[in-house]
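So the structure is just underneath, and the comments pick up after that.
The values are calculated or read from the model by the stated rules, or taken from the named source; none is laboratory data. Bear in mind that the values here come from a model prediction, so they are computed numbers and not experimental data. Positions of Cβ are backbone-derived with ideal geometry, glycine not excepted, and every protein chain shown enters the neighbour counts. Accessible surface areas use protein heavy atoms only, side chains included; no ligands, DNA or RNA. Shrake-Rupley method; radii C 1.70, N 1.55, O 1.52, S 1.80 Å.
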Amino acid sequence: ARVAAACRAHGARAVWGVATHGVFTSQAPGILADAPLDRLLITDTAPLAPASPVVARLGARLSVVSVAPLFGEAIRRRHLNGSITELLENGP
C-alpha cells in the first residue's frame, strides 16, 4: 500500500499489485481496500475463499489467475522430454 501511494505521488497513472500467493493477514482487507491500487493480481496457488474479506473489500480490483495451464504444460513437457526452460522463457 505504501509503495502504491509512493508511485501515485511520483506521477503514476496506474498501479497494479502482483503476488504469487494470495495469503493475507487479518489487516490486509483494510490496508488493501484503502491502497491506491487499480488492480491486485494473485495466482490460485493458495486457496482464497469467495467469502474472504479481501474479496469482499477489493471486489473487481482483485483478479485471481490460474496456474493450472502453466503447470499442465510443464508436466507435459517433462513427460515428453521437452524444455521447461523454454516454457519459462517463452510461455505456454
Practice item. Test L41 against the stated conditions and say whether it is closer than 15 Å to A1 by Cβ and among the aliphatic types (A, V, I, L, M). Key: no
**Study point:** Qualifying residue in segment 33-41 (condition: open to solvent by 60 Å² or more (accessible area, probe 1.4 Å) and assigned to a helix (DSSP H, G or I))
**Key:** yes
Study note, to complete from the structure: Of the listed residues (G59, G91), the one being on the phi > 0 side of the Ramachandran plot and at pLDDT below 90 is G91
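Does G59 fit the bill of being outside any strand (DSSP E or B), open to solvent by less than 90 Å² (accessible area, probe 1.4 Å), more than 29 Å from V3 (Cβ to Cβ) and without any contact (Cβ under 8 Å) to a residue 12 or more places away in the chain? Lay out the reasoning, then the answer.
On the way: outside any strand (DSSP E or B): yes; open to solvent by less than 90 Å² (accessible area, probe 1.4 Å): yes; more than 29 Å from V3 (Cβ to Cβ): no; without any contact (Cβ under 8 Å) to a residue 12 or more places away in the chain: yes.
Spelling it out, it is not the case that G59 is outside any strand (DSSP E or B), open to solvent by less than 90 Å² (accessible area, probe 1.4 Å), more than 29 Å from V3 (Cβ to Cβ) and without any contact (Cβ under 8 Å) to a residue 12 or more places away in the chain.
A quick yes/no check of all residues on (1) closer than 28 Å to G91 by Cα; (2) basic (K, R); (3) modelled with pLDDT of 95 or more:
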site	(1), (2), (3)
A6	no, no, yes
G11	no, no, yes
W16	yes, no, yes
A19	yes, no, no
V23	yes, no, no
A28	no, no, no
A46	yes, no, no
V54	no, no, no
Check your understanding: For segment 72-92, how many residues meet the condition of being loosely packed, with under 13 Cβ neighbours inside 10 Å and either assigned to a helix (DSSP H, G or I) or in contact with a Gly (Cβ under 6 Å, 6 or more places away or on another chain) (or both)?
Key -> 11
Exercise for review: Give segment 3-32 a look and list any residue that's of a type in the set (V, I, T), open to solvent by 60 Å² or more (accessible area, probe 1.4 Å) and either within 27 Å of G72 (Cα to Cα) or not in a helix (DSSP H, G or I) (or both), or say none.
Suggested key: V18, T20, V23, T25
Practice item. Return the only residue of P69, P50 being open to solvent by 50 Å² or more (accessible area, probe 1.4 Å), free of Cβ contacts under 8 Å to residues at least 12 places away in the same chain and farther than 16 Å from A1 by Cα. Key: P50
